Amino acid sequence: MRHVADGILRRLDDEPLAIPDRVADHLAGCGRCSARRARIAHDSEHAARLLSAPQLVPDTDVAWARLRRELHRSSEERAERRRGTARAARRAHRFPSVSLRAGLIMGAVGIVVAGTAVAATLTTIFAPTHVVPVSLSQSDLRAITAFAGLGDSPVLGGFATPSGSSTFRFGTIKWSSGVPTPASSLAEATAEAGFPVSLPAHLPAGVGAVQRFMVQPRVTATVTFDSTARGVGGSSVTLVAGPAVLTRYAGASGTDVPTLEVVTMRRPTAVSAGATLSQIEAFLLTQPGVPPQLAEEVRLLGDLRTTLPVPVPAGASVRSVRVGGWPGVLVADGANAAAGVVWEDGRGTLHLVGGILDSHDVLDVANQLS
Amino acid sequence: MGLRARHQELSECLDGTSDLADFETFFRDNHRVVVRLAQSVVGDVQGAQDVAQEVFLAAYHRFPGAYEQAAGWVRVAAVHTALNVLRGERRRDKRQRLVPDAGSLPSIEDTVIDREARAEVRRVLARLPRRSAAVLVMRHGGMSYAEIAQALGVKVGNVGTLLRRSESELRKEIDRETRS
């Protein structure tokens, strides 16, 4: 028999049953082929060692949620193209899917969490001039809750009482505000809030008359770090938000189900005493338990003194838009059945328009206000 | 958007439910191995997951309703997509090689050795001919000779030859890298 080819010698190590017996017989009596086989096996082991780095097990559930969200988004884009209303490629971010209701709840929760986190990262004055999205998944929220030691604290679900305090892992949060009050007209709401409020002249199909006006007085929340917060102990950050006016519209058919809400508020500000911005930010973002991707997103936001992060719940799609020339963030649920847009108009007023409408209709309303 | 249009869109979503369930089964059966293949090339889990996402998304559109036929394809696509990522990194790396990355400084000696070795392998993989790099990653990622043959469009009997040649090239390149 002729000498055995290199390829067969190589396969002999991996799949010996695929090699004819006569090859083994030849090897037993051929020193030259045996020596070649040893060299080939050496190179093979070397390659295996180099290419078998430790493998971490991927989280298939999370990956599937992420992919499903992306599939939904791409089919949505195709549907939009079919309707002939496709615009330039959307700069949509990608998130796992959740239901509309969960999305809205998450959004509300996320705003409180991020507001507190943002407040805590500021040192001097927080006076945002533009809004940017920050993705917030359910696991991020769980991680933040665990990290801050908040448990089921009402702080994460919003301030349940007009004033109070709550402890968290590194200190305390105290808040106070007036009770939200209904107003009988736009004029009354405007007078109560102390700033003008614009409403849309033309409403999308399906949206009925104004159902109610509500005025939320100013809310003040103070975060104080205790001595366990290394490097920032004793520092405090005070976040001031509001007042705000909420205008709620009913459905066109006369049902009580709200279809559109317009919120107008003074931009939030924060004042810090104690540690510097970089100290507090470094402390918070490097704590074990803070999701690395979230920390990275916060770092990428840039100057937090002028940037208002808009937490985007898992399952939502988000894109940057211009409302009356000002940068805004448009968030829609996975099926584009509900959407909201947030922007600051450059005059110190923050606007939020949202409802059970598609993103097109929501943007139409928003553009009428600027 | 009118109610009729919205209803039509929702109906389309519902019609795709069973197809999505099939795809989910396919995804769950193959995700781990695809990530593993990609990770052996790009080196990190996050990068590998991004590669996997891209590959499965493409498979969904490429094999509508026939995902069982896509098992081999996603493996091959993962390797090639990951190699593309690696070659992109290599181009960036050439520009940035002299800039130290303070954020990635290792803390213990083992980590240093491990990380350097893996970085070295990635550099070499990026330099090897694409087919050689692909066959190495496929075989050491757990693919059989038959699967590799199908993926590369060669006879099963030739896979051993390709693999032997690739492993020899890998050793020579590593030796060259070490000497330099």
Report the calculated FRET efficiency for residue B:57 and residue A:172 (r = Cβ-Cβ distance, R0 = 35 Å), to the nearest 0.05.
0.15
Other protein chain Cβ atoms within 10 Å, averaged over every residue that makes up A:15-24
1
Once the other residues with Cβ under 13 Å from the Cβ of residue A:184 are scored (Lys, Arg +1; Asp, Glu -1), what is the net sum?
-1
Could you run the Karplus curve 6.51 cos²θ - 1.76 cosθ + 1.60 with θ = phi - 60° over the stretch A:207-215 and give me ³J(HN,Hα) per residue in whole Hz, x for Gly and Pro?
9, x, 7, 5, 8, 6, 10, 10, 10
Report the FRET efficiency, 1/(1 + (r/R0)^6), for residue A:360 and residue A:14, where r is their Cβ-Cβ distance and R0 is 60 Å, rounded to 0.05.
0.55
Can you list residues from other chains, or at least 5 along the same chain, whose modelled amide H is less than 5 Å from the amide H of residue A:171?
A:226
The size of the Cβ-based charge dipole (Lys, Arg +1; Asp, Glu -1) of the stretch B:135-176 about the Cα centre, to the nearest 20 debye, is 120
Report ³J(HN,Hα) in whole Hz for each residue of the stretch A:172-183, in order, from the Karplus equation J = 6.51 cos²θ - 1.76 cosθ + 1.60 where θ = phi - 60°; Gly and Pro get x.
9, 10, 10, 9, 8, 6, x, 7, x, 10, x, 10
Length gain on complete extension for the stretch residue A:253 to residue A:61, per 0.36 nm per residue less the alpha carbon to alpha carbon distance?
65.0 nm
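What is the average number of partner chain Cβ atoms found within 10 Å of a Cβ in B:135-148? All intermediate terms of the calculation are to be shown ahead of the outcome.
Working: counts 0, 4, 1, 0, 6, 7, 3, 1, 0, 3, 6, 2, 0, 0.
Taking the mean over all residues of the peptide, I get 2.
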Counted charge near residue B:81, where neighbours are those whose Cβ lies closer than 10 Å (Asp, Glu -1; Lys, Arg +1)
-2
Could you work out how far the C-alpha centroid of the stretch A:161-189 sits from that of the stretch B:40-91, in angstrom?
50
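Bear in mind that the values in this text are calculations on the coordinates, not laboratory data. Predicted model only: the values in this text are computed from it and were never measured. Every residue, glycine among them, receives a Cβ derived from its backbone with ideal geometry; neighbour counts consider all protein chains shown.
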